[in-house]
1. For the chain, what is the accessible area per residue in Å² when the probe is 1.4 Å?
2. Quick one: pull the percent of accessible area on region 136-272 belonging to carbon and sulfur, 1.4 Å probe, ligands and nucleic acids left out.
3. Give me the aspartates and glutamates in straight-line cross-link reach of LYS80: C-alpha distance below 15 Å, same-chain residues under 8 apart excluded.
4. Of the peptides 39-47, 61-69, 223-231, how do they stack up when ordered by the mean number of other Cβ atoms within 10 Å, highest first?
5. By how many degrees, 0 to 90 and rounded to 10, does the Cα axis of helix 128-141 deviate from the longest principal axis of the chain?
6. Once the Cα atoms of helix 231-247 and of the chain are each reduced to a long axis, what angle between those two axes, in degrees from 0 to 90 to the nearest 10, is obtained?
7. Mind sorting out which of [x] 7, 28, 36, 22, 6, 1, 0; [y] 6, 24, 27, 20, 13, 6, 2, 0, 0; [z] 7, 31, 38, 19, 5, 0 is the real P(r) over Cα pairs in 10 Å bins from 0, in percent computed from the coordinates?
8. Report, to the nearest 10°, how far helix 253-269 tilts away from the longest principal axis of the Cα atoms in the chain, using its own Cα long axis and a range of 0 to 90°.
Amino acid sequence: MDLYKEITERIMTQMQEGIIPWHKPWISGKAISRTTGKPYSLLNQMMLGKPGEYLTFKQCQQEGGKVKKGEKASMVVFWKWMTVEDEETKEEKEVPFLRYYNVFHIDQCEGLRPKYEITLPGTAEPDAAANEIIYDYLSRSGVVMKHESGDRAYYQPMTDSVVIPERRQFAETAEFYSTIFHELTHSTGHESRLNRLEKTAFFGTESYSKEELIAEIGAATLVNHCGIETSSSFRNSTAYIQNWLSVLKNDKRFIVSAAGKAEKAINLILNQ
């Protein structure tokens, strides 16, 4: 049986049911102000990167803690309205000024405990077959994998490394390993391997979209190969593929092309 062809056909069959909503498979919480307990703005969430409580150096001292030696602060920005006088009319007016201050994550501090607990699923289980494939590939390829308590999963070609949220952030075992296999499939495109990644592939471009199709078909196939696929995990992979296919004008030929490239990537991961 041609597993790649079977997976592709199943994906296309599910997509015929209509639009399938995609959901992020992990829970991350948000970056929040320790003082107010409120989440930062979306821009600051992106800049801070890691969920949890943040506070200033002074706030840390006031609470009886101290910032660990060598830790670097992160920047939080906000708009503040200032009253100024118009040079021509001499009338006062309100204008926005961008301001910033430096904060530290509570993990960068000593002597403080979190005020606000983030409830994580913690129900994804380790799988021996999947782990064997992953760590065998990592040892052969030299790709570095890191687990971070954050809201992003990605492959970075410059450092040849993969960053994955922690397992406790996932509710499903299949989704946890699907996320890892997705990023490892990206890593096979490195110039030292299959040389598939295009330097001009930016978010939303055709080449970026095609690479996402390859990575998700690779992930769906490897999860199936390990025997940990669930109906919800496969449906979520289909939804993800459907989203990127819409960028490519819903041309189904791209799935067939991506499946062929995914096969090469999977063979490299499985050392076949």
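1. 57
2. Of all accessible area on region 136-272, carbon and sulfur atoms account for 49 percent.
3. Hits, sequence-local ones excluded: GLU94.
4. Result, highest mean Cβ count within 10 Å first: 223-231, 39-47, 61-69.
5. With rounding to tens, the tilt is 80 degrees.
6. That works out to roughly 80 degrees.
7. Computed from the coordinates, P(r) over Cα pairs in 10 Å bins from 0, in percent corresponds to [y].
8. 90
The values are calculated or read from the model by the stated rules, or taken from the named source; none is laboratory data. What you are looking at is a predicted structure, and each value in this text was computed from that prediction instead of being measured. Note that we place each Cβ from the backbone using ideal geometry, even for glycine, and neighbour counts take in every protein chain shown. These area figures cover heavy atoms from the full protein model, side chains too; ligands, DNA and RNA do not enter into them. Shrake-Rupley method; radii C 1.70, N 1.55, O 1.52, S 1.80 Å.
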